[in-house]
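S.K.: Here it is, the structure, as structure tokens.
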Amino acid sequence: MFPVNSRYRVLFVCLGNICRSPAAEIIFRKQVTDAGRVDEFEIDSAGTIGHHQGAPPDSRMSESLRQKGFTIAGRSRQIQLEDLETFDLIVTMDESNLSDVLRLDETGTRHGKVRPFVSYCRHHDDLRVPDPYYGGQRGFDHVIRMLEDGCEGILESLKGR
Ligand code: 4NP
């Protein structure tokens with residue numbers, strides 16, 4: 001286990017920080033808690049836009065998560081340049097989030113910390129975590145299954161660090 005003062009910091013990023021990335025944060029936190037590893041991590045999420053600043057997770061995403069036994073928490077915030085300094089791993093949901101985050105760091109020195117979420121999925125071969133915002137409830141359920149898959153992959157990849 002990491003000492004408390006050297007927790008590994010993981011930041012999930014999507015566009016609005018009300019659907020995909022807060023769900024990833026909630027799911028990953030539950031997985032690390034269930035694995036008895038909660039003291040090893042600091043987990044957060046952010047959006048590339050500030051449009052929903054301060055808003056709780058989307059009600060449709062929250063409903064799908066609650067049905068699966070997750071506890072809803074978090075408020076939307078926009079990613080800042082300093083997040084690239086603070087966090088050890090920054091996981092983006094789609095190509096647009098990835099390029100927006102990379103563009104924040106003009107020097108490129110932190111680009112190595114930024115990874116696409118789908119690269120951690122072991123049971124989905126989607127090229128991105130699809131944006132469920134304009135779709136129906138089934139889209140949210142699909143996203144949650146992908147997030148559970150990729151979060152397991154992230155946790156596995158960080159074993160024994
Ligand atoms: P998210 O979903 O990026 O997964 O939080 C969206 C949230 C808001 C908007 C688009 C996608 N929007 O256009 O406001």
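The values are calculated or read from the model by the stated rules, or taken from the named source; none is laboratory data. Because the structure is predicted, anything quoted here is derived from the model rather than measured. Cβ sites come from the backbone with ideal geometry, for glycine too, and all protein chains shown count toward neighbours. These area figures cover heavy atoms from the full protein model, side chains too; ligands, DNA and RNA do not enter into them. Shrake-Rupley method; radii C 1.70, N 1.55, O 1.52, S 1.80 Å.
S.K.: Does Ile90 satisfy the condition of being within 16 Å of the ligand (Cβ to nearest atom), in a helix (DSSP H, G or I), open to solvent by less than 70 Å² (accessible area, probe 1.4 Å) and in contact with a helix residue (DSSP H, G or I) (Cβ under 7 Å, 6 or more places away or on another chain)? Spell out the reasoning first.
M.R.: Details: within 16 Å of the ligand (Cβ to nearest atom): yes; in a helix (DSSP H, G or I): no; open to solvent by less than 70 Å² (accessible area, probe 1.4 Å): yes; in contact with a helix residue (DSSP H, G or I) (Cβ under 7 Å, 6 or more places away or on another chain): yes.
Judged against the criteria, Ile90 is not a match.
S.K.: Which is of a type outside the set (Phe, Trp, Tyr), under 17 Å from Lys30 (Cα atoms) and open to solvent by 40 Å² or more (accessible area, probe 1.4 Å), of Glu63, Glu106, Glu95? Write out each step before concluding.
M.R.: Working: Glu106 fails: under 17 Å from Lys30 (Cα atoms); Glu95 fails: under 17 Å from Lys30 (Cα atoms).
Of the residues listed, the single one that is of a type outside the set (Phe, Trp, Tyr), under 17 Å from Lys30 (Cα atoms) and open to solvent by 40 Å² or more (accessible area, probe 1.4 Å) is Glu63.
S.K.: Continuing with this model, one more query. Across the range 65-114, what is the number of residues that are among the hydrophobic types (A, V, I, L, M, F, W, C) and over 28 Å from Arg161 (Cα atoms)?
M.R.: Start the filter on the range 65-114 by keeping residues that are among the hydrophobic types (A, V, I, L, M, F, W, C), which leaves 65, 70, 72-73, 79, 81, 84, 87, 89-91, 93, 98, 101-102, 104, 114.
Right, trim to over 28 Å from Arg161 (Cα atoms) and you get 65, 72.
Residues that pass the stated criteria total 2.
S.K.: Here is a follow-up. Since Pro56 meets every condition but one in (1) outside any loop (DSSP other than H, G, I, E, B); (2) over 17 Å from Val143 (Cα atoms), which condition does it not meet?
M.R.: (1)
S.K.: Take the conditions closer than 27 Å to Arg161 by Cβ, among the aromatic types (Phe, Trp, Tyr) and not in a strand (DSSP E or B) and apply them to Phe12. Does it pass? I'd like the intermediate steps shown before the answer.
M.R.: Values: closer than 27 Å to Arg161 by Cβ: yes; among the aromatic types (Phe, Trp, Tyr): yes; not in a strand (DSSP E or B): no.
No.
S.K.: Given the residues Gly69, Gly74, Gly36, which is the only one that is on the phi > 0 side of the Ramachandran plot and touching a Pro at 6+ places or on another chain (Cβ under 6 Å)?
M.R.: On the way: Gly69 fails: touching a Pro at 6+ places or on another chain (Cβ under 6 Å); Gly36 fails: touching a Pro at 6+ places or on another chain (Cβ under 6 Å).
Among Gly69, Gly74, Gly36, only Gly74 is on the phi > 0 side of the Ramachandran plot and touching a Pro at 6+ places or on another chain (Cβ under 6 Å).
S.K.: Now for a different question. Conditions first: (1) surrounded by fewer than 16 Cβ atoms within 10 Å (Cβ to Cβ); (2) in contact (Cβ under 8 Å) with a residue 40 or more places away in the chain; (3) assigned to a loop (DSSP other than H, G, I, E, B). Ser76 passes all but one, so which condition is the exception?
M.R.: (1)
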